[in-house]
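The values are calculated or read from the model by the stated rules, or taken from the named source; none is laboratory data. Keep in mind it's a predicted model, so treat the numbers as computed, not measured. As a convention, Cβ positions derive from the backbone with ideal geometry for all residues, glycine included, and neighbour counts pool all protein chains shown.
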Amino acid sequence: MLDPIRLWAVVRKELLQFRRDTRSLVLAFALPLVLLVFFGYAITWDVDDIRMAVVDQDRGERARELVDAFRAAGRFSVVATPPRTADIGPLLDRARVRLALVIPPDFGSDLGAGRTARVQAIVDGSDANTATIALAYTRAIVQQFGGGLVLAGRDARPPVEARARVWFNEELSSSNMIVPGLVVIIMMIIAGLITSLTIAREWERGTMEQLASTPVSRLEVVLGKLIPFLAIGLVDVAVTSVVGVLLFRVPFRGNALFLIGPTFLFLAGTLGLGLAISAVSRTQLLATQIGMLSTFLPGFLLSGFMFAVDIMPAPLRLLTYLIPARYFLVVVRGVFLKGVGPAVLWPEALLMLLFAAGTLTLATRAFKKELA
Amino acid sequence: MSRPEKLERVRGLVRKELLEVFRDPRLVRMVLVAPVIQLVIFGYAVSTDVRHTPTFVVDQDHSQTSRDLTETFFASGYFRLAGASDRPHDMVEALDHGRAIVGLHIPRGFAKDAAREAATVQVLLDGTNSNTATVAMDYAQRIVQAWAIRRGEAPTPPIELRERAWFNPALKSRDYNVPAVIGNVLMILSLMLTSLAVVRERELGTLEQLMVSPLTPGELIVGKTVPFALICMADLVVITLVALLWFHVPFQGSFALLLLAGVLYLVGTLGLGLLISTFSSTQQEAVLTSFLFIMPLMLLSGFMFPVSSMPVGFRWLTLANPVRHFLEIVRAIFLKGAGMSALWPQYLALALIGASVLVLAARRFHKTAA
């Protein structure tokens, strides 16, 4: 059933075809780099330039100090200081500012008299994510400012304290999360593109029938297409990882060797899916639509690249088990940031193995039917 | 040529195109059912709220006080118990495995310390997702602080911060993201539909047939895009209704303005589909090229990653992205109820982008067809 010489012949044919096709070469080797560099720079969800308005009705020294504390924090820039609170509305409506701080007239006198002083933060809540973060920073600044006053003034007993420590991404930089995620997303896209190039084209030109009429077995065809693809994918993962580490300073704490196996499994699963889809659906339009639906958007939205899987509703969480990018993402982030290995990541590897075995079996079966 | 005659020819083409779509049940499913399913699935997915964060507790104090603190912690709804143990090592393992994102460590002697002087609990956070970690850290510190104040173990802070969120008082991220999903679903659908429809005709050779018919290239373009514009507008209405009825996303603004934005937006995306078709000779190529457009259009739209956080160069680049402007419009219409006076720059940008893309596409279409 599986003859190494025949298998090698298919592999060589694929490699030859690939080498001659400049477009495929560019797609396979240049595109991943371009995508990583481009999006690695462009996208971030660090919230570090919050435009704010300050309505200072107190105009005292304490109020100025509080505003200075915001300026000094480095994440806020005061772009407007309207005199009245009524002016905040238009500023928020037009998204000129994201946050407004209102310091009421009795702020300074309250503090001086030892009463609790009040300040108000009004935030544009439409982008809930950014708003939540902006509020968290605001709280921290106000609290720290208040704490400073307490320490400078009366003898204060330190309260119960929650000491927070962040692991894996100590400086809380979003690129440490995004860049390893991009490696996965890019691999997913390249896998989809190459699948359609190597398989769909073969159907289109009718050479799949030719291939079928040779003594080569179905399994050999599938494996022969898979092997060169795995080699390319491995090179891509290596190159994008190195660029991620060197260019974007993402920590790489684990052993790079632990990425090899999961990369193979992930690519095998994706290619298997592509093979199965293109063999099942006869018209190309449908194949591409199914491919699009089943890989692209879900890969972005259901893999945990951006939206955490564990807060999704249960039925949706079940659905994410069908997306190999989900597992690969855990592996890549784990190896990059947590420095963990097979002892921790074996369930993901196992599920990817199951996925690959499933889709490849399906593809080999569907092949027979389609050609018969 | 008389005007009615011209109109008649375009109508014929539009009818042919619509017939072609509605004759194929699979295609009907794709254009009418798939967007709804996509919206429902992705609508559930696109939440960045920090709620029920899996938390591992190591309580080495075993006191009434420590139990009280733990209970307060979980009563907040922000955290969910994912495991508990006596040994800090188990907490480390839970974080390594990703079973927990937060670890709460209450050391031995906590109750005694809290009664006398400074007491400390340790909060460990998996920082992989920097935003979740930032927000969870803030929640944890606030909960502990409020707890201490309630028990009289900490002085009331001298400054009280009152918070109000406008437009989205509960700060639900889904209300912000579902309208954005509408924009992206629509973009992908319109882009693929046009580029594939034109290229399919080219593959089948029927494009030449159309060329030799009395149709002018302009009429051909109109006839090719109008049916898809109609379908996509229908989709816009349907999925907006789904967003309102299923996800209960608030809708403050005007429906007419939303439709206007939809028309301008679709001119751009359909034009882009047409442009892609002029670069592609097979449907396969059309899909590949669409992919290359869809990814930057989506990532640089402000959908997941705020435009305001991008480097300056990229922020300029996003001005040419119709998705960015459309998302700003739909989000403002849904959540803020904004009108033309606030949104005219976005409408203007959409119109300009649509017009230039369409002109460019028409030119190239003319050349490749000739």
Problem - the stretch B:33-61 residues that are at the interface with chain A (Cβ under 8 Å from one of its Cβ atoms) and without any contact (Cβ under 8 Å) to a residue 24 or more places away in the chain, paired with ones that are buried (at least 21 other Cβ atoms within 10 Å of the Cβ) and hydroxyl-bearing (S, T, Y) (beta carbon under 8 Å, 6 or more apart) - result: none
Fill in the blank from the handout: Note on the stretch B:328-343: residues part of a helix (DSSP H, G or I) and either among the β-branched types (V, I, T) or within 11 Å of another protein chain (Cβ to nearest Cβ) (or both) are B:E328, B:I329, B:V330, B:R331, B:A332, B:I333, B:F334, B:L335, B:K336, B:S341, B:A342, B:L343
Completion exercise
Residues of the stretch B:328-345 being out of contact with any Pro (no Cβ under 6 Å at 6 or more places or on another chain), closer than 19 Å to B:L300 by Cα and in contact (Cβ under 8 Å) with a residue 60 or more places away in the chain, in sequence order, are B:I329, B:A332
Exercise for the section: Name, by its number, the condition in (1) more than 7 Å from every other protein chain (Cβ to nearest Cβ); (2) more than 16 Å from A:M352 (Cα to Cα); (3) at pLDDT below 75 that does not hold for A:A276. Expected result: (3)
Handout entry: Filter pass, B:T278 being more than 9 Å from chain A (Cβ to nearest Cβ), in contact with a Cys (Cβ under 9 Å, 6 or more places away or on another chain), assigned to a helix (DSSP H, G or I) and crowded, with 19+ Cβ neighbours inside 10 Å
Key = no
Handout entry: Of all residues making up the stretch B:92-125, the number that are in a helix (DSSP H, G or I) and farther than 20 Å from B:D138 by Cα
Key = 12
Handout entry: Test set (1) more than 15 Å from B:T55 (Cα to Cα); (2) at the interface with chain A (Cβ under 9 Å from one of its Cβ atoms) - B:R108 fails condition number
Key = (2)
Practice task
Tell me, please, whether a residue that is surrounded by 14 or more Cβ atoms within 10 Å (Cβ to Cβ) and either assigned to a loop (DSSP other than H, G, I, E, B) or of a type in the set (D, E, K, R) (or both) can be found in the stretch A:34-41.
Solution key: no
Completion exercise
Checked A:D56, A:D21, A:D48 against criteria (modelled with pLDDT of 90 or more and not hydrophobic (A, V, I, L, M, F, W, C)); the one match is A:D56
Handout entry: In the stretch A:99-118, the residues that are in contact with a helix residue (DSSP H, G or I) (Cβ under 8 Å, 6 or more places away or on another chain) and either aromatic (F, W, Y) or modelled with pLDDT of 90 or more (or both)
Key = A:L99, A:A100, A:L101, A:V102, A:I103, A:F107
Problem - Unique residue being outside the structural domain of A:G181 (by TED's automatic domain parsing), touching a Ser or Thr at 6+ places or on another chain (Cβ under 8 Å) and touching a residue at least 12 places away in the same chain (Cβ under 8 Å) when the list is A:V55, A:V79, A:V67, A:V97 - result: A:V55
Practice task
Might you check whether a residue that is hydroxyl-bearing (S, T, Y), more than 14 Å from chain A (Cβ to nearest Cβ) and crowded, with 19+ Cβ neighbours inside 10 Å occurs anywhere in the stretch B:213-224?
Solution key: no
Practice task
Sort out which residues of the stretch A:335-348 are surrounded by 18 or more Cβ atoms within 10 Å (Cβ to Cβ) and either touching a Phe, Trp or Tyr at 6+ places or on another chain (Cβ under 9 Å) or closer than 17 Å to A:V237 by Cα (or both), and write them in order of number.
Solution key: A:V335, A:F336, A:L337, A:K338, A:V340, A:L345, A:E348
Exercise for the section: Determine whether the stretch B:247-260 contains at least one residue that is in contact (Cβ under 8 Å) with a residue 24 or more places away in the chain, of a type in the set (S, T, Y) and part of a loop (DSSP other than H, G, I, E, B). Expected result: yes
Exercise for the section: Can you work out which of the residues in the stretch B:130-144 that are in contact (Cβ under 8 Å) with a residue 12 or more places away in the chain and within 7 Å of another protein chain (Cβ to nearest Cβ) is farthest from the chain's Cα centre (by Cα)? Expected result: B:V144
Practice task
Might you let me know whether the stretch B:69-77 holds any residue that is within 27 Å of A:P342 (Cβ to Cβ), in contact with a helix residue (DSSP H, G or I) (Cβ under 9 Å, 6 or more places away or on another chain) and not in a helix (DSSP H, G or I)?
Solution key: no
Practice task
Of the conditions (1) more than 9 Å from chain A (Cβ to nearest Cβ); (2) part of a helix (DSSP H, G or I); (3) surrounded by 22 or more Cβ atoms within 10 Å (Cβ to Cβ); (4) of a type outside the set (F, W, Y), B:V267 clears all except one; give me its number.
Solution key: (3)
Practice task
Go through the stretch A:58-139 and tell me which helices (runs of 4 or more DSSP H), entirely inside it, have 2 or more residues that are at the interface with chain B (Cβ under 9 Å from one of its Cβ atoms).
Solution key: A:88-93, A:107-112
Problem - Set B:A332, B:A320, B:A355: member being over 25 Å from A:L92 (Cα atoms) and among the small types (G, A, S) - result: B:A355
Exercise for the section: Go through the residues of the stretch B:139-158 one by one and say whether even a single one is closer than 30 Å to B:Q252 by Cα, outside the structural domain of B:L327 (by TED's automatic domain parsing), touching a helix residue (DSSP H, G or I) at 6+ places or on another chain (Cβ under 8 Å) and small (G, A, S). Expected result: no
Practice task
Tell me, yes or no, whether the stretch B:300-316 has at least one residue that is touching a residue at least 60 places away in the same chain (Cβ under 8 Å), more than 10 Å from every other protein chain (Cβ to nearest Cβ) and out of contact with any strand residue (DSSP E or B) (no Cβ under 7 Å at 6 or more places or on another chain).
Solution key: yes
Completion exercise
Only one of A:A268, A:A231, A:A256, A:A212 is of a type in the set (G, A, S) and without any contact (Cβ under 8 Å) to a residue 12 or more places away in the chain, namely A:A231
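Here is a yes/no grid of residues against (1) in contact with a Lys or Arg (Cβ under 9 Å, 6 or more places away or on another chain); (2) hydroxyl-bearing (S, T, Y); (3) outside the structural domain of B:T278 (by TED's automatic domain parsing):
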site: B:Q122; (1), (2), (3): yes, no, yes
site: B:E163; (1), (2), (3): yes, no, yes
site: B:I182; (1), (2), (3): no, no, no
site: B:A197; (1), (2), (3): yes, no, no
site: B:E203; (1), (2), (3): no, no, no
site: B:T206; (1), (2), (3): yes, yes, no
Completion exercise
Taking the stretch B:153-201 and the residues there that are outside any strand (DSSP E or B) and of a type in the set (D, E, K, R), the one that is farthest from the other protein chains (Cβ to nearest Cβ) would be B:E201
Practice task
Please go through the stretch A:215-252 and pick out each residue that is over 27 Å from A:S174 (Cβ atoms), part of a helix (DSSP H, G or I) and among the polar types (S, T, N, Q).
Solution key: none
Fill in the blank from the handout: Considering the stretch A:304-334, residues that are crowded, with 18+ Cβ neighbours inside 10 Å and charged (D, E, K, R), and then whichever is nearest to A:V237 (Cα to Cα), we arrive at A:R333
